[in-house]
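Chemist: Below you will find the structure I want to go over with you.
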Amino acid sequence: MDIVTRQATPGEYDALGELTARAYLQDGLLDFGESAEYLGELKDVAKRAAAADVLVATDGDTLLGGVTFVPSGGPMADIAAPGEAEIRMLAVAHDARGRGAGDALVRACINRARTTEGCARIVLSTQRAMHSAHRIYERLGFVRTPERDWNPIPHLADITLLTYELTL
């Protein structure tokens, strides 16, 4: 397999939105009260691309996955502070898992962060059940930052997101 990571093109936005939504749904990651609203956010790649960098992993003409890289704040940042980039909405198609697409996408974000002026670290939030993603992050040098864990939906106490960071 020859995985290529690059900026998503507008012609890929719909397919990437569907891939992302399907990955989250199939993994049972949208089992909370506000899930319909977040499902819409996952599908709206054009909105993400207007405010951040949306990257894809491909093998030839096959879309394997995508990620949103937030270089420095803005409307797509959840937890990034000044001097931090953020990784959001990492998703890999179920039939492409275990082939290195997730790893390639996270590495592409690390490379972008290293070339972003003033960027000292990368941060991200993840759900407890995203074990495969946790393994990728830890293998690439990210460390847990439990002091930054947070709940995006305060009235639902069981949706605490775990946080990681990588100092560049």
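Chemist: Collect the residues in the range 32-48 that are assigned to a loop (DSSP other than H, G, I, E, B) and either in contact (Cβ under 8 Å) with a residue 60 or more places away in the chain or aliphatic (A, V, I, L, M) (or both), keeping them in residue-number order.
Modeler: Phe32, Gly33, Glu34
Chemist: Are any residues in the range 74-113 at pLDDT 95 or above, over 21 Å from Pro152 (Cβ atoms) and among the acidic types (Asp, Glu), and if so, which ones?
Modeler: Asp103
Chemist: Just to be sure I understand, how many residues within the range 26-40 are modelled with pLDDT of 75 or more and open to solvent by 60 Å² or more (accessible area, probe 1.4 Å)?
Modeler: 1
Chemist: Follow-up. Residues being among the charged types (D, E, K, R) and over 15 Å from the mean Cα position of the chain (by Cα): count how many of those fall in the range 99-137.
Modeler: Qualifying residue count, the range 99-137: 4.
The values are calculated or read from the model by the stated rules, or taken from the named source; none is laboratory data. Please read these numbers as outputs of a predicted model, since none were measured by experiment. All Cβ positions, even for glycine, are placed from backbone atoms using ideal geometry, and neighbour counts span all protein chains on display. Areas reflect the complete protein model, heavy atoms only, side chains present, ligands, DNA and RNA absent. Shrake-Rupley method; radii C 1.70, N 1.55, O 1.52, S 1.80 Å.
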